[in-house]
Amino acid sequence: LLKENLTKYGVEAAVSVGCGLEYPSSQLFDLVVVDAPCSNSGCLYKCPEARWRLTDAEIAAHVELQKMFLWKAVSLLVPGGTIWYSTCSILPEENEQVVASMPQLKVITQLQVLPNVDGLEGGYGAALSFK
């Protein structure tokens, strides 16, 4: 679906499927999108019982993985490139705190979306540059 949309809007982009941590660093990009694995806390209204399965240890594991993905993204950037970091979490520890824990990254812009009564899911996104 992503490839179809890119074609539809005339956007040329390299798209790959697989573990991003294993992506070869031989080619650099202007933009790296990190759709980070997370707790999915922004989607709990769909599956409210999931809140009882969410543990501090699970969140901590996600945070460490999110940082690893961000470091990998940095290794794939051209000088002056941008990382788009996103989660479907509303937890600050998976969002703003992950970004803030990496002083090598500068926040260009960020957005927090909260779930609402109209069915909008929650999530977070930030455009980042490498200092």
Inset, instruction - Using packing as a proxy for protection, rank 33-46, 59-72 so that the peptide with the highest average count of other Cβ atoms within 10 Å comes first. - result: 33-46, 59-72
Legend entry - Karplus-derived 3J(HN,Hα), 6.51/-1.76/1.60, for each residue of the range 34-49, Hz, glycine and proline x: 10, 9, 6, x, 8, 6, 6, 5, x, 10, 5, 5, 6, 9, x, 5
Inset, instruction - Using a/c under 1.5 as the rounded threshold, could you call the range 1-92 rounded, prolate or oblate? The axes a ≥ b ≥ c are square roots of the C-alpha gyration tensor eigenvalues, and prolate needs a/b larger than b/c, oblate otherwise. - result: oblate
Inset, instruction - On the protein heavy atoms, probe 1.4 angstrom, tell me the percent of accessible surface of the chain carried by carbon and sulfur. - result: 59 percent
Inset, instruction - Determine the per residue accessible area of the chain with all protein chains present and a 1.4 angstrom probe, expressed in square angstrom. - result: 63 Å²
Inset, instruction - Quick one: how many lysine pairs does the range 39-131 have with C-alpha atoms less than 17 Å apart and a gap of 8 or more or different chains? Give me the count, please. - result: 5
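The values are calculated or read from the model by the stated rules, or taken from the named source; none is laboratory data. Worth saying up front: this structure is predicted, and the values here are computed from it rather than measured. Every residue, glycine as well, gets a Cβ built from its backbone with ideal geometry; the counts of neighbours run over all protein chains shown. Note: accessible area is taken over every heavy atom of the protein model, side chains too, but ligands, DNA and RNA are not part of it. Shrake-Rupley method; radii C 1.70, N 1.55, O 1.52, S 1.80 Å.
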